[in-house]
Amino acid sequence: MDVVQLQWILLVLFGVLFFAIAPHSKTVEQFFAAESDKGKQPGVWILTASLVISWIFAKSITNAANLGLEFGMVGAVAYAAYYLSFVVGGYVIYQLRTKGNYGSIHQFLKGRFGRSAVVVFSLLIGFRLFNEVWSNTMVVGSYFGDPGEKSYIISIILVTCLTLAYTMKGGLRSSLLTDAIQLVFFGMMLLIILSLILPDKEVAFSDMMTSGTWSMEMGLNLMLAALLQCLSYPFHDPVLTDRGFISTPSITLKSFVYAAFIGALCIILFSFVGIYAAAKGLVGQAPVEVAKLLGLMGMLAMNFIMITSAASTLDSTFSSFSKLAIIDLGKEKMKTVRNGRLMMVLIVLLGTIPIFFNPEILSATTVSGTMVMGLAPVFILWKIKAPAISFQLSVWFGVIVGLVLAFGQIPEFLVLTSGRYSALLWANIWGLIACFVLFLIPTLLPNGAAKTN
């Protein structure tokens, strides 16, 4: 039996195992809010585990490894900077719940900025969830074949359908339980991979730790952009924000802070795959190329780590989209478990279409992160009772900047550094400044004076 056959068996066993483990949610509270049979809310560690593994997506660790390949340790730290989003998001959500008495992000937006703000916000996070499907399944597919090949397409459809099956069974409750198990699997596979590459006498560990150059051209553009995006990035990710309202405020805040440190550490550790690939002179997708060097054990470990991380994000994506459509936007009569399951099928169908066009997986993070920069003042300055127009001006300007960046049209005179990701950095710098100004201007007008809670 060759490695490819073992990979197929591993994929199927994974899906069957988690379908058997997943609880069967029968009530709306269990399916959408992860309550136990006894009505208990998730504890600090299961919530932390879910946050961590849901953000260690297949695309995320692939990006981390590729940035390690391109920029060394600088690239690893740059990508890990995104995990500050947990601290920012956790603190703001804590404040919204304890100081503002809000029960959800949508409740805050509707109460403060009106129904139109809810619609715009829902479109943004819907786009985010749409991106999560294809950008993660494509990574899994790359271990079974090249884009467009039959084995590539079949593996993507299989991992998507297997994950959909166990998520439909239990909803968010199923997602949290399987997330905790998946994090354990991820840790085990990561240790196996590191145990295979770190002892290599041809690549000194000290050289790996000091790899890269701390300059704007060699990764700092991305790191600074990531730090700026942390002001808005967490609020357009319902996978993160949904978990901010299912436990007590104190447990939630602790879980978000713990997840920031654990998640960043996992990203940096996996980046060693890319740093190792650079030392070996490899080119291409770092995890795939390194896996080829590590033999059967390494290939299976890498394959399983991608399946685990992809599934953990997919099940969270399915449950978040279901909640968005049914609970946050749906009418009271629509709020049933059956309708929640139907919405999961819908996001699978929509989110799988892009795999046939082979988009770049990193763009799902950087471009969408720029498009939502206008959310930063909305949530960072949440205590300021700005008028509805403040939300619209800030958010839509951010969307425009993101689209201009996506089409490569940022004016050169605005980009004050050189190297890769320089346009990304300066689009975020100038864009954020403008978004905060546009948000605040209406509060200074006679009928929109700023008031605080």
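The values are calculated or read from the model by the stated rules, or taken from the named source; none is laboratory data. Computed from a prediction, not measured in an experiment: that's the story for all the values here. Quick reminder, even Gly has a Cβ in these numbers, built from the backbone with ideal geometry, and neighbours come from all protein chains shown.
Observations, loosely collected:
- Of LYS150, LYS99, all but one fail to be basic (Lys, Arg), at pLDDT 95 or above and either out of contact with any Asp or Glu (no Cβ under 7 Å at 6 or more places or on another chain) or on the phi < 0 side of the Ramachandran plot (or both); the exception is LYS99.
- Whether a residue is at pLDDT below 95 and out of contact with any strand residue (DSSP E or B) (no Cβ under 7 Å at 6 or more places or on another chain) was assessed, and PRO238 passes this test.
- Contact map, segment 243-269: residues that are touching a residue at least 60 places away in the same chain (Cβ under 8 Å) and closer than 20 Å to ILE305 by Cα paired with residues that are crowded, with 17+ Cβ neighbours inside 10 Å and among the polar types (S, T, N, Q), Cβ distance under 6 Å, separation 6+ or inter-chain. Pairs shown: ALA259/THR48.
Here's the yes/no breakdown for (1) modelled with pLDDT of 95 or more; (2) surrounded by fewer than 24 Cβ atoms within 10 Å (Cβ to Cβ):
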site	(1), (2)
PRO234	no, no
GLY274	yes, no
LEU293	no, yes
ILE305	no, no
ASP315	no, no
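- Scanning segment 24-45 for residues that are within 19 Å of THR317 (Cβ to Cβ) and either among the aliphatic types (A, V, I, L, M) or surrounded by fewer than 19 Cβ atoms within 10 Å (Cβ to Cβ) (or both) yields a count of 2.
- Looking across segment 329-342, the residues that are farther than 15 Å from GLY170 by Cβ and in a helix (DSSP H, G or I) come down to GLU332, LYS333, MET334, ASN339, LEU342.
- Candidate set from segment 376-410 (those that are farther than 18 Å from PRO234 by Cα and of a type in the set (S, T, N, Q)); member that is surrounded by the most Cβ atoms within 10 Å (Cβ to Cβ): SER390
- Some residue of segment 352-362 being surrounded by 21 or more Cβ atoms within 10 Å (Cβ to Cβ) and modelled with pLDDT under 90: yes
- Scanning segment 62-117 for residues that are assigned to a helix (DSSP H, G or I), surrounded by fewer than 24 Cβ atoms within 10 Å (Cβ to Cβ) and among the aromatic types (Phe, Trp, Tyr) yields a count of 4.
- Residue check for SER255: polar (S, T, N, Q), over 25 Å from SER175 (Cβ atoms) and surrounded by 18 or more Cβ atoms within 10 Å (Cβ to Cβ): no
- In segment 413-420, the count of residues that are buried (at least 20 other Cβ atoms within 10 Å of the Cβ) and either more than 16 Å from PHE379 (Cα to Cα) or of a type in the set (A, V, I, L, M) (or both) is zero.
- SER50 modelled with pLDDT under 90, surrounded by 20 or more Cβ atoms within 10 Å (Cβ to Cβ) and either part of a helix (DSSP H, G or I) or among the hydroxyl-bearing types (Ser, Thr, Tyr) (or both): no
- If you go through segment 20-37 and pick out every residue that is outside any helix (DSSP H, G or I) and either of a type in the set (S, T, N, Q) or more than 10 Å from GLY170 (Cα to Cα) (or both), you end up with 5.
- Scoring SER319 on the criteria (1) touching a Phe, Trp or Tyr at 6+ places or on another chain (Cβ under 9 Å); (2) modelled with pLDDT under 90; (3) not in a loop (DSSP other than H, G, I, E, B) leaves a single failure, condition (2).
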